[in-house]
Each structure stands twice: as structure tokens, then as C-alpha cells.
Amino acid sequence: MFRLHPRVQGVTPELSSIYNKVMPSTIGHMTDFGFMKGLQPLFRPIHFAGNAVTVRIPHMDSSAVHKALDIVEPGDVLVIDMSGDTDRSCWGGICSYIAKTKKVAGVIVAGCVNDVQEILDLQLPVFSLGVSPLTTRILGLEGEINTTISICGVAVRPGDLIAADGDGVFAADPRDAMKYGLEAIQIQDSEAELKRKLDKGISLASISGADKWFE
């Protein structure tokens, strides 16, 4: 069965602007939830944030991936659940060409990709679990667009905030993401003062409070 649900615009321009400055690892100081462990970028440096358009495919059939490229908008992040398939690629050079033309912010594949050199030439930000020359096909089996999917143990809903850099990928409900993002900016801005203290010879353990465990 094929399902195409309406695209959800959950991420506001303000939220995108905040997360274009936020490192996911800063959010990692606040919560364990939302991190897609195991995904790797095709290149570094890399950084993007945007609005999730979700896709679920049944291993071999990438019909829904092709259809999703019809509905993506500038600033979207295409997030693809391959139903646990880590052997096949559902994403290559032509899909990347379309995504780049449509100004997609990035692509997340819980599976493999191919045509790596083409993607590198396009400089389209892509995260995946690996690379494979074995690909999916257009078989007309089933697929879903803009439903809740699972990526590396993280539930991703259409319209969620996706933020990624060289350290990894983070997803959150936009209502929670704003709080995390504003706190992350404060933490990152405070690092300049922290470095000044370190340069004066003050120990990191005394600043962080780790000293107290050794008294």
C-alpha cells in the first residue's frame, strides 16, 4: 500500500536560524534523546538544519523516494527509513541532483547510498549508514511519505527539526527544539569566557565541579 500524507511545515525560519549556529554535540549535554547513532556524513565539514520530510520504503522498492522528491521544498531534510536494510542503496546521483536543484538542506538515509563522487561534486549534505553498489528498484510494492518513521532508534515525525554537523544528527519536535537551541547558543557563547579562565591557569575540574568527587 502506498500512502502520501501532506507535507508538514513544523520548523519556523527563526528555529532554522538558531540551529544553523548550534552544534548537535552541544545539545548532547542536555538530553540523550533524538540522536541518530551510527549515521556518518559523506564529507566534512558539514552543517545543516531543516524541516523533516519523512519516507519509509520496504527494503527493495524506492518508489516512495522518487515521489517524495516531487513535494520537497527549499530547506527540507529528506529522511529515509529503509526498514532495517543496511545492504542496499536507495539514494544516488540523480536523486541528489534533483534534491540540490530543489534546495533541499540535507538527506538522511538509514541505509546505504551510491554514486558517492557525484554527491561529492554536488556538495549535497548526505548522512547514511554506508555505501553500496547494490541498489533498490521501482517495483510498486509499498511506501509511505510523511508518516512517523524510525531512524537508528529515533522516531522522526514529518515537520520535526533535523540538525546535523560533522559530529552527527539530532532530531526533535520543534516545540522542544527551541528550548534546546536557545540554551545551546548560551553554552557555545560562554566557551570564550571558559577559555579565558583556562588561559589564566584555572583548572577545568574546578570550573566544572569535578573536583568535589576527589575531596
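Only the coordinates and a few stated rules stand behind these numbers; no lab work does. In this text the structure is predicted, and so the values were computed from the model without any measurement. Using ideal geometry, Cβ is built from the backbone for each residue, glycine included, and neighbour counts are taken over all protein chains shown.
For this structure, a couple of remarks:
- Candidate lysines for bridging to Lys100, where Cα separation is under 22 Å - those fewer than 8 sequence places away on the same chain excluded: Lys21, Lys67
- Which of Asn146, Ser83, Ile71, positive extreme of dipole for the range 2-189 (C-beta unit charges): Ile71
- Extending 7 Å from Cα along the Cβ direction at Lys103 and again at Glu118 yields two label points whose distance is 2.4 nm.
- Debye, to nearest 20: dipole size of the chain, +1 on Lys, Arg Cβ, -1 on Asp, Glu Cβ: 200
- Residues Glu14 and Lys67, FRET efficiency given R0 of 41 Å [Cβ-Cβ distance, rounded to 0.05]: 0.85
- Seen from every direction in turn and averaged, the convex hull around the alpha carbons of the range 29-80 projects onto 5.3 nm².
- Orientation-averaged projected area, Cα convex hull of the range 146-207 (nm²): 6.0
- Label zone of Thr135 (point 7 Å out along Cα→Cβ, amide N under 12 Å): in the range 84-107 this covers 89-97.
- Using every pair of distinct Cα positions in the chain, the Kirkwood expression returns a hydrodynamic radius of 18.1 angstrom.
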